[in-house]
Amino acid sequence: MKKKNDAQLALEDALVQVEEGATMSSKRAAEEALTRIIERGRPFTSESVIAELGDRYAEIREPRLLGSTIRTAMLRGRIVPTGRWVKGLRVKRHSADVREWRPV
């Protein structure tokens, strides 16, 4: 079995903090939005999930929750990365590239 490195352990610790800091309502909203995106069967990014959340996104106290929700979906075999990074649209993030995912 492969031993986890410091970066992997730090990521897991951060994800636990995210999960603990998010409300049940926020978790449910993020999971439902992601499920709707997955059911469409097309490649998507985290920005697609934000768009799906609409005004509800502003209610999420812990914005890193989307990353945690997407990672959980990947670990459960619901989605896989396409290997592509696409130009983001959010000015708040300086239009940084975002990973593209596809449903399995």
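Brief remarks follow.
- Filter pass, L9 being closer than 23 Å to V104 by Cβ, part of a helix (DSSP H, G or I) and not basic (K, R): no
- In segment 84-103, residue farthest from F44 (Cα to Cα) [restricted to those that are free of Cβ contacts under 8 Å to residues at least 12 places away in the same chain and hydrophobic (A, V, I, L, M, F, W, C)]: V91
- Total residues in segment 70-94 satisfying the condition of being hydroxyl-bearing (S, T, Y) and either over 19 Å from A30 (Cα atoms) or in contact with an Asp or Glu (Cβ under 6 Å, 6 or more places away or on another chain) (or both): the figure is 1.
- Candidate set: segment 60-83, residues that are surrounded by 12 or more Cβ atoms within 10 Å (Cβ to Cβ), of a type outside the set (S, T, Y) and without any contact (Cβ under 8 Å) to a residue 40 or more places away in the chain; chosen: the one nearest to T23 (Cα to Cα): I60
- Residue that is nearest to the chain's Cα centre (by Cα), among those in segment 30-82 that are over 15 Å from R99 (Cα atoms), part of a loop (DSSP other than H, G, I, E, B) and at pLDDT below 95: P63
The values are calculated or read from the model by the stated rules, or taken from the named source; none is laboratory data. Since we're looking at a predicted model, the values are computed, not measured. Reconstructed Cβ throughout: ideal geometry from the backbone, glycine too, with neighbour counts over all protein chains shown.
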